[in-house]
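All remarks here apply to the structure that follows.
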């Protein structure tokens, strides 16, 4: 839901033992616009979150950067799988996804592998209750973070997604996401 919170245009995501998310497709070349800037605010953390297990894989706020290899760089089986997926409704799975997360207790800088797929990893950029209810401005170098998390250069960016989820912990949250933009290196934003 779109709203104004403390003078900031935002999307409010509410999760009650569920997931709340929004995807935007946007083609970005990481080497041309390596910086990602956004604002977010959460209202609570989860008591029972354990991001290293399926039963606790919930975050009050996640921002995904979704990557996809160009068709000419896919293997034969990768091309076949990608083509078959397009026969069914819904978006094809990404080549990779890097999730920036506000964790409940996991230390900042931690890399969390998804308990569901090896194509997604989370990087903790905020953690704990210390800044609850406060707007935080985040700025990350997506190329450097991708290299740190996946160990190689990133493919083109296919989109971004925001997600507030509590479906595994059975808890609830209300989080806010402000403006999300890709910037060129050296940009003031």
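The values are calculated or read from the model by the stated rules, or taken from the named source; none is laboratory data. Quick caveat: nothing in here was measured; it's all calculated off a predicted structure. Cβ: placed from backbone, ideal geometry, glycine included. Neighbour counts: every protein chain shown.
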Requested in this report: Given the conditions (1) outside any strand (DSSP E or B); (2) more than 14 Å from the chain's Cα centre (by Cα); (3) within 16 Å of residue 125 (Cα to Cα), report the number of the one that residue 59 does not fulfil.
Outcome: (2)
Requested in this report: Report whether or not residue 173 is buried (at least 18 other Cβ atoms within 10 Å of the Cβ), under 30 Å from residue 47 (Cβ atoms) and touching a residue at least 60 places away in the same chain (Cβ under 8 Å).
Outcome: yes
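Just wondering, is there one or more residues in region 143-153 that are part of a loop (DSSP other than H, G, I, E, B) and within 15 Å of residue 33 (Cβ to Cβ)?
Within region 143-153, one or more residues are part of a loop (DSSP other than H, G, I, E, B) and within 15 Å of residue 33 (Cβ to Cβ).
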Requested in this report: Give me a count of the residues in region 4-52 that are more than 29 Å from residue 155 (Cα to Cα), surrounded by fewer than 19 Cβ atoms within 10 Å (Cβ to Cβ) and in contact (Cβ under 8 Å) with a residue 12 or more places away in the chain.
Outcome: 13
Query raised in the report: Is it the case that some residue within region 106-119 is in a strand (DSSP E or B), at pLDDT 95 or above and closer than 23 Å to residue 134 by Cα?
Result: no
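Select from region 20-37 the residues that are within 23 Å of residue 172 (Cβ to Cβ) and at pLDDT 90 or above and list them in ascending order. Walk me through it before giving the result.
Narrowing region 20-37 to residues within 23 Å of residue 172 (Cβ to Cβ): 20-23.
Result: 22, 23.
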